[in-house]
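The values are calculated or read from the model by the stated rules, or taken from the named source; none is laboratory data. Predicted, not measured: the structure shown is a model, and the values here were computed from it. In this analysis, Cβ positions are derived from the backbone assuming ideal geometry, glycine residues included, and neighbour counts consider all displayed protein chains.
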Amino acid sequence: MGPFESTQPGKIVAIHQGALGDFLLALPILEGLHRSYPKIRIDLWTRAEHLALLAEKPYVGKEPSPDDSELAPFFHDELWRGAKIPRFLEGRLAILIFGQAGSRVLAKRLSDRLPCPVQWVQSFPSPGSHQHVSRFLLEQCRQLGWSIQECLLELHPSPLEVSVARKYLQQKEEISLTRPILVHPGSGGLRKIWPLKHWWALLRFLSGQYCYPVFLSLGPADERLKDFAGEAQKLGAVLLEGLSLSRLAAFLSGCRVFIGSDSGVSHLAALVGIPTVVIFGPTDPGIWGPRGPNVHILKETWQEGEVLTWSQEPAPASLNPSLLERLNDLLPSQ
């Protein structure tokens with residue numbers, strides 16, 4: 001049943017300081033913990049923008065995550081023995097630390113200093129594994145003694161953020177009467193980006209085939225796509241950039257369809273629950289694919305060297321017939 005009885009009230013801490021996609025793939029574990037241990041509260045030590053995505057989850061603590069510098073001494077081979085225990089970790093029933101090899105050391109040292117169980121969960125499988133990340137996490141937690149239900153998670157943006165997104169749409173006459181399509185071509189890894197020549201062909205297809213407005217979002221790692229986004233605006237795309245993840249989730253919740261590369265934003269769209277189409281290239285969707293109630297994954301092949309090469313010529317690159325078929329299913333003709 002885990003380190004304590006399923007009916008025992010109290011608090012645990014989950015530490016996850018990874019990237020957005022890794023964090024979102026771990027959220028079903030938190031949801032499963034809540035369902036199996038309904039009287040516990042989960043305080044998260046994670047990036048502030050990640051924590052904000054869970055504002056509507058009643059089992060997630062509202063206290064902001066501490067400064068990561070409080071954990072720094074526990075990575076030092078000598079200082080950890082006398083380092084001050086972060087207040088955020090005091091009085092807990094258990095602590096779960098998600099991460100790779102370096103965080104395993106952290107878990108061991110905190111375990112030596114704290115009276116509660118401190119357990120390490122490897123945040124994603126080692127190379128050569130073919131197990132999906134969510135299943136990999138779940139099996140580890142069960143092996144540690146936690147009786148966790150397997151479940152899908154749906155994120156609900158805060159009403160305040162949804163209100164801001166709606167007001168933005170209402171200010172744009174051409175958008176306010178219909179739900180838009182949102183495309184996110186970027187990714188944290190260059191090799192994971194579906195080549196821009198295909199994104200250009202897709203934008204031309206969407207503008208010629210449908211009357212739905214198109215949003216194009218850029219994140220902090222997408223500086224290399226700025227010129228492309230500028231040209232996309234000339235095709236009529238509405239550029240969204242500089243948004244917090246909470247606000248982006250709110251925009252996603254009002255969209256008809258999301259189309260993206262293998263990225264954290266694609267995982268976010270999947271969890272928000274809208275129809276989500278994700279194009280995978282060099283990475284394995286069997287390991288890294290988004291999970292959600294309405295996810296459609298397509299697999300293509302390309303070379304990293306062709307990712308940023310594209311042309312504004314009217315003759316578009318060919319599009320995957322499976323993608324066109326999927327869009328025709330998801331986007332009613334007008």
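Restricting attention to the range 202-222, the residues that are surrounded by fewer than 18 Cβ atoms within 10 Å (Cβ to Cβ) and among the hydrophobic types (A, V, I, L, M, F, W, C) total 3.
Of the listed requirements (1) in a helix (DSSP H, G or I); (2) surrounded by 20 or more Cβ atoms within 10 Å (Cβ to Cβ); (3) under 27 Å from the mean Cα position of the chain (by Cα), V105 misses just one: (2).
Let's see how each residue does on (1) more than 27 Å from V133 (Cβ to Cβ); (2) free of Cβ contacts under 8 Å to residues at least 60 places away in the same chain; (3) polar (S, T, N, Q):
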{"residue": "G10", "(1), (2), (3)": "yes, no, no"}
{"residue": "Q17", "(1), (2), (3)": "no, no, yes"}
{"residue": "L27", "(1), (2), (3)": "no, no, no"}
{"residue": "K39", "(1), (2), (3)": "yes, yes, no"}
{"residue": "V60", "(1), (2), (3)": "no, yes, no"}
{"residue": "D67", "(1), (2), (3)": "yes, yes, no"}
{"residue": "L79", "(1), (2), (3)": "yes, yes, no"}
{"residue": "K84", "(1), (2), (3)": "yes, yes, no"}
{"residue": "R87", "(1), (2), (3)": "yes, yes, no"}
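You will find that of L235, L225, L268, the residue that is assigned by TED's automatic domain parsing to the domain that holds K299, more than 17 Å from G281 (Cβ to Cβ) and either buried (at least 17 other Cβ atoms within 10 Å of the Cβ) or of a type in the set (K, R) (or both) is L268 and no other.
Reported count of residues in the range 20-53, each being under 12 Å from the mean Cα position of the chain (by Cα), under 24 Å from P159 (Cα atoms) and charged (D, E, K, R), is 1.
Applying the selection to the range 89-102, what residues are touching a residue at least 40 places away in the same chain (Cβ under 8 Å) and under 28 Å from the mean Cα position of the chain (by Cα)?
L89, R92, L93, A94, I95, L96, I97, F98, G99
Being within 19 Å of I297 (Cβ to Cβ), in contact with a Phe, Trp or Tyr (Cβ under 8 Å, 6 or more places away or on another chain) and outside the structural domain of I97 (by TED's automatic domain parsing): is that true of L153 here? Answer is no for this residue.
Of the helices (runs of 4 or more DSSP H) that lie entirely inside the range 208-325, those containing 1 or more residues that are more than 29 Å from Q131 (Cβ to Cβ) and either in contact with a strand residue (DSSP E or B) (Cβ under 7 Å, 6 or more places away or on another chain) or among the acidic types (D, E) (or both) span 226-234, 245-253.
Number of residues in the range 274-286 that are of a type outside the set (F, W, Y) and crowded, with 18+ Cβ neighbours inside 10 Å equals 7.
Looking at the range 176-194, can you tell me whether even one residue there is surrounded by fewer than 17 Cβ atoms within 10 Å (Cβ to Cβ), among the β-branched types (V, I, T) and either under 25 Å from the mean Cα position of the chain (by Cα) or modelled with pLDDT under 90 (or both)? There is at least one residue in the range 176-194 that is surrounded by fewer than 17 Cβ atoms within 10 Å (Cβ to Cβ), among the β-branched types (V, I, T) and either under 25 Å from the mean Cα position of the chain (by Cα) or modelled with pLDDT under 90 (or both).
Condition test on A55, is it more than 18 Å from I148 (Cβ to Cβ), surrounded by 14 or more Cβ atoms within 10 Å (Cβ to Cβ), out of contact with any helix residue (DSSP H, G or I) (no Cβ under 6 Å at 6 or more places or on another chain) and not basic (K, R)? Considered against the rule, which asks whether it is more than 18 Å from I148 (Cβ to Cβ), surrounded by 14 or more Cβ atoms within 10 Å (Cβ to Cβ), out of contact with any helix residue (DSSP H, G or I) (no Cβ under 6 Å at 6 or more places or on another chain) and not basic (K, R), A55 comes out as yes. Determine whether S123 is within 24 Å of A221 (Cβ to Cβ) and touching an Asp or Glu at 6+ places or on another chain (Cβ under 7 Å). Yes: the conditions hold for S123.
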